[in-house]
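Here the structure comes first, spelled out in structure tokens, and everything after it is commentary.
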Amino acid sequence: MMRMGSGVKGAHYEKETKQWRLQLDSDKTVSTRFLLPALGFASKPYVPNFPGLEDFEGQWFHTARWPQQGVDLSGRKVALIGTGASGVQVAQEAAKSASKLTLFQRTPILALPMQQKKLSAEDQERDKKGYAAIFETRKQTSGGFECQSLDVSALEVDEKARTAHFEDLWQQGGLRFWYHNFADLLTNREANRHAYDFWRDKVRARIADPNLAEKLAPSEPPHPFGTKRPSLEQGYYEIFAQDNVALVDLKATPIIRIGPHAITTKDGEMECDLIVFATGFDAGRGGLIDMNIRGTNSLSLSHAWEDRVRAYLGMAVSGFPNMLFTYGPLSPSGFSNGPTSAEIQGDWICDFLVWMRENGVDLFEADPAAETGWTEMVAQAGAMTLFPEADSWYMGANIPGKTRQLINFPSVSGYVALCEDVANEGYRGFVIDKPTSKEHLTK
């Protein structure tokens, strides 16, 4: 049975019945043996608590809550806060028709050229024939894409060969400069700096104003390249040469407050009648915590994750029996091609539930020691990379008060292997329980 248009206000586990009871926004309740939240890692938008926002008399939206009917930007005075993926997209479109676009930048986005091209009918037909192989290849790469990083270090080749590889990836476009680069791009500072310098010089060649060039592509990297997710752009850097586009450096001139018709910084007021927040999400945990999930002894997920996120295999939490979530924290999720990660977990969960039925298992729960071991393993893997050197949502650093930890498992192929090992060993790491009667298993 599928219920469309029903929101969940809460999910509470009842130990006596071994059932989850869900409270819907229609005030109805539903009982179920298994709770499988599939909310995604980015389902709770984050809007900074700027003083005066409630006094603003224009419109404001978070990009994740964009009105279905669209927003006409023609002739508008648009204030865009944030330079992540959606910020780049909005900036490129708003610059075409807004009377004024003011982009408030905290950290420059190290965006990559999309290099989008049209595919002919013949191209599409040819590519479709290779889908099966591509889908299988995704599970064997670190990012869940059809391409993989090289086996060679950026420091093992000479400058000419290194630059040639960078240029080839740049011309191919997309995320290849991030995912198909040298093996030590994200683990070695010197290798990473070579990539950043190439990126910087490519971008600066497109910006005539040296002051703008320094703000958009600084001489020194704001963070190691690739430790914040690169966005894809089509003409993003060119819009700043337009008379109707202005850039505000929030580190130099932070926002003081928002008034009825303007945003005030240390340098003065910027008039606006539309504010767009491209300020990201409480990634990984936010949507799950908002769901008001309570496990054994009414333990809330927010309390269980008060000091840090914990989850065995990035799917199961101790104290929350018969619950498995997909595309959440401590799995590849945000580090990977999204569908790849979700499909891997979905298949694994289905196999697990079939195994439970065939083996008379009524109940499972993550073993606390296994949960701790997995959580620490992800942290240790992250410590071997450059990711902790960036204040990114990968590290939970974009949300005030959120514990700083790597919230994604850093390899799809490695994750697949570990999950397969767990299954092959009788679902090691789970505490399982069998009922006195198998009748319960069919309910």
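The values are calculated or read from the model by the stated rules, or taken from the named source; none is laboratory data. Here the structure is a predicted model, which means the values were calculated and not measured. Every residue, glycine among them, receives a Cβ derived from its backbone with ideal geometry; neighbour counts consider all protein chains shown.
If you check G319, G314, G328, G334 for being assigned by the TED database to the domain that holds G382, within 22 Å of R21 (Cα to Cα) and buried (at least 23 other Cβ atoms within 10 Å of the Cβ), only one passes: G328.
Applying the criterion of being more than 19 Å from Q115 (Cβ to Cβ) and in contact with a helix residue (DSSP H, G or I) (Cβ under 6 Å, 6 or more places away or on another chain) to the residues of region 217-235, the residue that is surrounded by the most Cβ atoms within 10 Å (Cβ to Cβ) is P224.
Considering region 13-44, and only residues there that are outside any loop (DSSP other than H, G, I, E, B) and crowded, with 17+ Cβ neighbours inside 10 Å, the residue that is farthest from the chain's Cα centre (by Cα) turns out to be Q19. When restricted to residues that are surrounded by fewer than 19 Cβ atoms within 10 Å (Cβ to Cβ), on the phi < 0 side of the Ramachandran plot and assigned to a loop (DSSP other than H, G, I, E, B), region 400-427 contains 5. Candidates S31, S74, S43: the one that is among the polar types (S, T, N, Q), in contact with a Leu (Cβ under 9 Å, 6 or more places away or on another chain) and touching a residue at least 24 places away in the same chain (Cβ under 8 Å) is S43.
Please indicate, with yes or no, whether at least one residue in region 93-102 is touching a residue at least 24 places away in the same chain (Cβ under 8 Å) and surrounded by fewer than 17 Cβ atoms within 10 Å (Cβ to Cβ). Yes, region 93-102 has at least one match. Condition check: over 17 Å from the mean Cα position of the chain (by Cα) and not hydroxyl-bearing (S, T, Y). Does A278 satisfy that? Answer is no for this residue.
Exactly one residue out of A246, A283, A208 is at negative phi, out of contact with any His (no Cβ under 7 Å at 6 or more places or on another chain) and part of a strand (DSSP E or B), and it is A246.
L155 - would you say it is closer than 18 Å to G334 by Cα, modelled with pLDDT of 95 or more and outside the structural domain of G334 (by the TED database)? When the stated conditions are applied, L155 does not pass them.
Looking only at residues in region 249-275 that are within 26 Å of the chain's Cα centre (by Cα) and charged (D, E, K, R), the one that is surrounded by the most Cβ atoms within 10 Å (Cβ to Cβ) is D249. The C-beta contact set for region 203-217 (first residue within 18 Å of T107 (Cα to Cα), second residue among the basic types (K, R), distance under 8 angstrom, 6+ apart or interchain) comprises A213/R204; A217/R200; A217/R204.
For region 158-183, a tally of residues being of a type outside the set (D, E), farther than 21 Å from T385 by Cα and in a loop (DSSP other than H, G, I, E, B) returns 2.
Please determine whether any residue of region 117-132 is assigned to a helix (DSSP H, G or I) and surrounded by 14 or more Cβ atoms within 10 Å (Cβ to Cβ). No, every residue in region 117-132 fails to be assigned to a helix (DSSP H, G or I) and surrounded by 14 or more Cβ atoms within 10 Å (Cβ to Cβ). Evaluated against (1) in the same structural domain as F335 (by the TED database); (2) in contact with a Cys (Cβ under 7 Å, 6 or more places away or on another chain), A262 falls short on exactly one condition, (1).
Among the residues of region 228-239, is there at least one that is among the polar types (S, T, N, Q), in contact with a Ser or Thr (Cβ under 7 Å, 6 or more places away or on another chain) and not in a helix (DSSP H, G or I)? Scanning region 228-239 turns up no residue that is among the polar types (S, T, N, Q), in contact with a Ser or Thr (Cβ under 7 Å, 6 or more places away or on another chain) and not in a helix (DSSP H, G or I). Checked against the criterion of being in contact with a helix residue (DSSP H, G or I) (Cβ under 8 Å, 6 or more places away or on another chain) and assigned to a loop (DSSP other than H, G, I, E, B), region 377-387 has at least one qualifying residue. Residues that are small (G, A, S) and either free of Cβ contacts under 8 Å to residues at least 40 places away in the same chain or surrounded by fewer than 19 Cβ atoms within 10 Å (Cβ to Cβ) (or both) within region 149-202 comprise S149, S153, A161, A164, G173, G174, A183, A191, listed in sequence order. Mind telling me which of the residues P108, P48 ends up being surrounded by fewer than 17 Cβ atoms within 10 Å (Cβ to Cβ) and either not in a helix (DSSP H, G or I) or not aliphatic (A, V, I, L, M) (or both)? That would be P48, the only listed residue that is surrounded by fewer than 17 Cβ atoms within 10 Å (Cβ to Cβ) and either not in a helix (DSSP H, G or I) or not aliphatic (A, V, I, L, M) (or both). So for region 361-377 (the condition being modelled with pLDDT of 95 or more, under 27 Å from the mean Cα position of the chain (by Cα), more than 24 Å from T296 (Cβ to Cβ) and not assigned by the TED database to the domain that holds Q140), does at least one residue qualify? Yes, that holds for at least one residue.
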